[in-house]
Amino acid sequence: MGERLSPLCFSRLRSAPFVSRAILIHVTVLATRRLPGSAWDELRDVEIAAPAELDAARSDVHVLVVANETVDDDVLDRLPALRLVANFGAGYDRIDVDACARRGVAVTNTPGVLDAATADLSFALMLATRRRVVEGDALVRSGEWSTGWSAGPFLGREVTGATLGIVGLGRIGAAVAHRAGGFDLRVLYTQRRRADTAVAEFRELDDLLSEADVVTLHVPLTPETQGLISRERLALLPDGATLVNTSRGAVVDEDALVDELVSGRISAGLDVFVHEPHVPASLLGLPNVVLTPHIASATVEARSAMTRLVVDNIRALERGAPLLTPVS
Ligand code: 8YV
């Protein structure tokens, strides 16, 4: 059994990050939800509640587990003994990391374990959008499929052999590039720093948008990437191009994207939106859009591994060991 975490233990942790493993401290966890997978059951002292639901400040909570939810000064004020915000997700754009740092609160995320799932969904959206899979499914289910095969205008655009533009060649972008080989795609990428890579050719963002048949977004949401794919940049996409977004809705000017999609000039596969779970109403009836509810990491394998990382970070805190995946 671990001892209860006292302020003394924490001051030892702060001044000595490699505290002896003999010191096992007990942390109390507040989580906005139960996370999937068996690793979750290893936590001993967990309360499920949103910080906003707490009646009063709670000085017994040391770890806050969130799933891409807001952690700002208001939340931190309610949890004065907090030492770790463990995010269930790679993106931590809703966590005020500077505010956490000012209070000595560490932040961890779950990078690496969801790359395959996210890259797979990006391809699923690419294929579903360009090959009109969802429209086809709806036709079959409606009972209106009346010919032996889908003749006439029910034609898609080929993925094989197309030019793919990857915006952000980090772990997930690279996993997409890796898969692109199987589809004989010509792969372009753009990001702030050029990568030393043979999997994709570098282009400036505007050039990539003008050249690609399919553009897929894999940048984190930061002040620099907010609205990166602006109205002017969307207009650079060739007619018939497809935009895939499994990153964050706010990376794109959503109103401008809706206008482009309503015009029918381009198509899109979208897993993320600016104000989730709200989806712009004018997208709902469009045939050239495939919509999914932010499910890029939603596989049994990825979500279990994400929970494993969240729990392992908490256990590292308990042992006084270095955190596995601190964000900074
Ligand atoms: C999660 C995500 O679904 O990793 C991310 O950044 O957006 C997704 O994996 C989200 O964080 C909710 O937990």
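FYI, it's all coordinate maths here, none of it is from the lab. Not measured: the values here are computed from a predicted model. Here Cβ is always computed from backbone atoms with ideal geometry, including for glycine, and neighbour counts include all displayed protein chains.
So if R0 is 35 Å, what FRET efficiency would A57 and E224 give, r being the distance between their Cβ atoms, rounded to the nearest 0.05? Step by step, r from the Cβ atoms, then E = 0.50.
Sequence gap at least 6, Cα distance under 8 Å: using those rules, report the relative contact order of the stretch 115-291 to the nearest whole percent. Working shown, then result.
Working: 312 pairs, mean separation 37.8, N = 177.
Over the stretch 115-291, the number comes to 21 percent.
Highest GNM mean-square fluctuation among V289, V199, V167, for the chain modelled with Cα contacts below 10 Å: V199. Computed from the Cβ-Cβ distance with R0 of 45 Å, the FRET efficiency linking R103 to T147 stands at 0.10.
Inverting the pair-averaged 1/r between distinct Cα atoms of the stretch 115-291 gives 16.5 Å as its Kirkwood hydrodynamic radius. The length gained by stretching the chain between E201 and R315 to full extension, at 0.36 nm per residue less their Cα-Cα distance, is 36.9 nm. Computed from the alpha carbon atoms alone, the convex hull of the chain holds 162 Å³ per residue.
Considering only V279, F183, L164, and ranking their Cα positions along the charge dipole of the stretch 115-291 that arises from unit charges at the beta-carbon of Lys, Arg, Asp and Glu, the one farthest toward the positive end is F183. Other residues within the sphere of radius under 9 Å centred on the Cβ of A296, judged by their own Cβ, net out at -2 (K and R +1, D and E -1).
Sparsely packed loop sites in the stretch 94-186 (the trypsin sites (Lys or Arg not before Pro) outside DSSP H, G, I, E and B with at most 14 other Cβ atoms within 10 Å) comprise R103.
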